[in-house]
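Here's the structure we're looking at; comments come further down.
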Amino acid sequence: MTEIQIHKLKLIKILYVEDDLSLRTSMKDFLKLYFKEVLTASNGSEGLELFLKYLPDIVLTDIKMPKLDGIKMTMEIKKINRNIPVILTTAYTETEDLINAIEANVDRYIQKPINIDSLLETLYVSALPKIQKLEIAKLRFQYFNEEISFGKTIEIKNVFEKIKNVADTSFSVVLKGETGVGKNFMARAIHDMSGRKNGPFIKIDLGSMVETLIESELFGYEKGAFTDAGKKRKGLFAEADGGTIFLDELENASLHFQAKLLNIVEEKKIIPVGANTPFDVDVRIISATNKNLYDLVKEGKFREDLYYRLAEFEVTIPPLRERKDDIIWFAIRFLSEASDELKKSVYDISSEAKELLKSFKWEGNVRELRNFIRRLVLLSESSTVSKNDVLSAGFHVSFDKSNRMASSENYDFKTIAEMEKELIENTMNYVGGNKTKAARLLGIDITTLRRKIKQIG
């Protein structure tokens, strides 16, 4: 083992279970030289009790012990957390023991007398997924502790500086950028760094709202204002009083709604549907768009007076493909999140896989990358994502021509249809045939999934 590997074992808490007092004592002294914390027990029953109390990262245990043997203790541990590595030690090599160990999902098997070098190597390999997870958590803490960071590149740091400067002002802000680039998170960051942070933050997606309902939803209505208005209702602007309204997909706002919005911005008053008297409302408006609003102004699709009112301060968020290092930053963050969500031990990305991820266009930006990483974790059979893992899961991702790499070496390419079929089948198997869960993991709606399942037979 290298010095670096030995040092990394200091992150790990180990439970050692052995009924031989002399061996248990000497091994404890030895393990304390390498591990963060060493717990010891004299039998499986005591070992299981310590496991439940202290939740060690790895377990090293003898097989034949009084009260509860190592096999049965392993079975109980795996019921609690199937990802905890358990290594068995024994002076016996009986076939029955080996079969029982396999059935108990034991991770590794070491024969006595124990070879120390072999033991350390085995413990390191078994603990590696946990080591990787702890190291990534440390990196995430470093990145997120000081800021609400959205990446590490100079491009995104410049964006963050702009939103910090504008956050605690009264400026209306327009966030510009492609779909999935993180405008929603930036809007929330501005709110959280402002004097309105203790007030409401309400997001309104203008692209998904029905035109005939926008006015009543946003401004509220009086009882009897229309057929279904059985009682008075506050609108979203009133609910956001003292806080922030985030208007997403501003380019979808109709000219009629724009006129109403202009009145709110100028007068700071709203009139509910069916009411005659306006009332004051104190809201800050942050907007987001993936279009050039001034181009829409020139085309007559957006009011010029409203544009200048809303765009007192503009921030453009560059696409992910222009921030190559942020691709890996986000990938590692999403990898850790997905591993926790899916209860899988996938915590690292090989250097070849990282280069391949950086070569993709990511036209859906951060949102697309997150869905892709979740699929990678779902399909991965190792603690480290390989280049072939990325290629197998990436049937829908296109290469960035400005950074295309020779990725065909040593890889047996499949057709897009074959890759899609394999991904859907693996996902359905993972969720036990539950189409709703499968659709969520795949990042598609249930109707699309049903259609694709029907197509692949």
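Numbers for the structure displayed
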quantity	calculated
Degrees separating the helix 154-167 axis from the principal Cα axis of the chain, which is the longest one	50
Mean Cα-pair separation over length for the range 149-261, i.e. relative contact order, pairs under 8 Å, 6 or more apart, %	25
Full-extension gain in nm, residue 325 to residue 225, via 0.36 nm per residue minus C-alpha separation	30.6 nm
Of 10/32; 8/36; 10/112, pairs whose Cα-Cα distance is over 19 Å	10/112
The chain: relative contact order as a whole-number percent, Cα under 8 Å and 6+ apart	12
Dipole of the chain [Lys/Arg +1, Asp/Glu -1 at C-beta], most positive-end residue of 89, 60, 236	236
Degrees separating the helix 44-54 axis from the principal Cα axis of the chain, which is the longest one	30
Karplus-derived 3J(HN,Hα), 6.51/-1.76/1.60, for each residue of the range 339-351, Hz, glycine and proline x	4, 5, 5, 8, 6, 10, 9, 10, 10, 8, 10, 5, 4
Kirkwood Rh, Cα atoms: Rg over Rh of the range 274-344	1.22
Sites residue 455 and residue 155, calculated FRET efficiency, Cβ-Cβ separation with R0 41 Å, nearest 0.05	0.50
Listed values [x] 26, 57, 17, 0; [y] 20, 40, 29, 11, 1; [z] 21, 38, 23, 11, 7, 1, entry calculated as P(r) over Cα pairs in 20 Å bins from 0, in percent	[y]
Counting DSSP beta bridges with both ends in the chain, the antiparallel % (nearest 5)	10
Residues residue 425 and residue 239, FRET efficiency given R0 of 56 Å [Cβ-Cβ distance, rounded to 0.05]	0.80
Nitroxide proxy distance, nm - points 7 Å out along Cα→Cβ at residue 298 and residue 382	5.2
Model label zone, residue 445; criterion: amide N under 14 Å from point 7 Å along Cα-to-beta-carbon; scope the range 179-205	none
Principal axes of the range 13-78: Cα extent on each, largest first, Å	29, 24, 14
Estimated distance in nm for a label pair at residue 110 and residue 435, the labels positioned 7 Å out from Cα along Cα-to-Cβ	5.0
Dipole magnitude of the range 1-76, debye to nearest 20 (Cβ charges: Lys/Arg +1, Asp/Glu -1, about Cα centre)	220
Charge dipole of the range 242-284 about the Cα centre (unit charges at C-beta), most positive-ward option of 246, 258, 278	278
Cα-centre dipole for the range 295-395 with unit charges at Cβ (Lys and Arg positive, Asp and Glu negative), debye to 20	220
Top positive-direction residue, dipole computed over the chain with Cβ charges, set 441, 118, 190	190
Nearest 10 degrees, 0 to 90: helix 21-31 Cα axis against the chain principal axis	40
For a label point 7 Å along the Cα-to-beta-carbon line of residue 203, residues of the range 241-255 with backbone N under 15 Å	244-250
Only Lys, Arg (+1) and Asp, Glu (-1) charged, at Cβ; the chain dipole about Cα centre in debye	620
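Here, each number is a calculation from the coordinates, and none is a lab measurement. Keep in mind the model is a prediction, meaning the values are calculated, not measured. No Cβ is skipped: glycine too gets one built from the backbone with ideal geometry, and neighbour counts run over all protein chains shown.
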